[in-house]
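A short write-up of the structure that comes next.
The values are calculated or read from the model by the stated rules, or taken from the named source; none is laboratory data. Everything numeric here is computed off the predicted structure, so don't read it as measured data. Neighbour counts are summed over all protein chains in view; Cβ atoms, including those assigned to glycine, are modelled from backbone coordinates with ideal geometry. Only protein heavy atoms, including side chains, enter the accessible area calculation; ligands, DNA and RNA are left aside. Shrake-Rupley method; radii C 1.70, N 1.55, O 1.52, S 1.80 Å.
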Amino acid sequence: MRRIGLAVGAFGIGTTEFVMMGLMPNVADDLGTSVPTAGYLVSAYAIGVVIGAPLLTALGSRIPRKRMLLLLMALFTVGNLASALAPGFGWLVAGRVLAGLPHGAFFGVGAVVAARLVTDGRQARAVATMFLGLTVANIVGVPLATLLGQHLGWRATFLVVSVIGLVAMAALARLIPHVPVDAHQSLGRELRALGNRQVLLGLLTAVFGFAGVFAVYSYLASMTTEVMGFGESSVTVVLALFGIGMTLGALVAGPLTDRALRPTLYGSLGALAVVLLAFNYTAHVQWAALVTVVVLGAVGFMTTTPLQMLVMNKSKDAPTLASASNHSAFNIANAGGAWLGGMAITAGWGWMSPTLVGAVLAAVGLGIAVTAGLLDRTPNPSRVVASGAARERARDSVS
């Protein structure tokens, strides 16, 4: 039940992160710009995450974890309100950056908290439960928010997301117990852990591998209407199908990662490259396109839990900054994938060209992951997050 509070926060963050893909044509029309240019709003949010994850994590390194989570969700709410009230495209870009600032730090701190609230050997499942908030956002939050934006305007969507932020704050305050900062934790120790070669290779894997997902997902709304042959009203259905796939991927990834971390990572990245390549062909057959969207969501999101656990395990006793930086890596992937996919479209290669770009990026990510595995001298990494959980429980039993 405690992890539900984290999942509610993840739901709000997931809604605002992914809803722009469904609203991109509407925002472009309203603000008088092109769809590829509106794609910079995806990149703007991602840039906020990249900047905010290490910065806010460092600034909050000595703040108790529950209070830190509440402060981050408050900043998230303000950023979405600023987006809703933006008078022009430039101000909307700024609002998206502000809303993205707390994203990485929230998931970084939240992942460590989630792992320390469970028994040994179930850490990946705990982290995956938090990530379920993101997947449910894509099934419920994003489609409904997109539908709302199509009928009442995109500003209404961000107003509703601001309300979700307030609800998430209430859930965190009610459900998350007090989790003190580890007495041994320091910014210097976190920075040294971040310099671990395996951590850096894990972050690089996330940058390339997950960029393959966003090269396509950023333009899924336009692919739905321009290539698959569906009407605008079907965009919400397609986004919901992607979210269902993400949920299936998250549910499977947790137990598989607890059992075999690296094989889960290799398998998900390899499958992602194959599915992205296949999508270039299945998109022209409606039923096959819908099936591919579900599978793409599943294999794409299966990469997140093993990557998160990898950097947390390899950063030894200082996992918070590495965990947050992993979300910076994911959002560099988001920004880079959206940019590269938009470049392919702008170059006149067609609406489905991002699928080929994404397949190449996923293959590069797989190559980096395999290289990291070959260089790793500890194929069964110690559960340092688990040991952190044991310390917390021991401290609680003494007190």
If only one of Leu152, Leu148, Leu194, Leu166 is within 22 Å of the chain's Cα centre (by Cα) and modelled with pLDDT of 85 or more, which one is it?
Leu166
Going through segment 282-305 in order, the residues found to be open to solvent by less than 10 Å² (accessible area, probe 1.4 Å), farther than 25 Å from Gly48 by Cβ and assigned to a helix (DSSP H, G or I) are Ala289, Val293, Leu296
Given (1) under 18 Å from Val199 (Cβ atoms); (2) out of contact with any helix residue (DSSP H, G or I) (no Cβ under 7 Å at 6 or more places or on another chain); (3) aromatic (Phe, Trp, Tyr), number of the condition Tyr281 does not satisfy:
(1)
Unique residue being farther than 29 Å from Gly110 by Cα and among the β-branched types (Val, Ile, Thr) when the list is Val370, Val285
Val285
Quick test of your reading of the structure: Leu321 fulfils all but one of (1) out of contact with any Asp or Glu (no Cβ under 6 Å at 6 or more places or on another chain); (2) in a helix (DSSP H, G or I). Name the failing condition by number.
(1)
Exactly one condition in (1) open to solvent by less than 10 Å² (accessible area, probe 1.4 Å); (2) modelled with pLDDT under 85; (3) outside any helix (DSSP H, G or I); (4) among the hydrophobic types (A, V, I, L, M, F, W, C) is false for Val181; which is it?
(1)
What is the residue count in segment 1-48 for residues that are open to solvent by 10 Å² or more (accessible area, probe 1.4 Å) and either among the hydroxyl-bearing types (Ser, Thr, Tyr) or in contact with a Pro (Cβ under 7 Å, 6 or more places away or on another chain) (or both)?
7
Subset tally (residues that are aliphatic (A, V, I, L, M), buried (at least 24 other Cβ atoms within 10 Å of the Cβ) and touching a Lys or Arg at 6+ places or on another chain (Cβ under 8 Å)) for segment 70-111
1
Please report, ordered by residue number, the helices (runs of 4 or more DSSP H) entirely within segment 1-73 with at least 3 residues that are of a type in the set (Ser, Thr, Tyr) and touching a residue at least 60 places away in the same chain (Cβ under 8 Å).
40-59
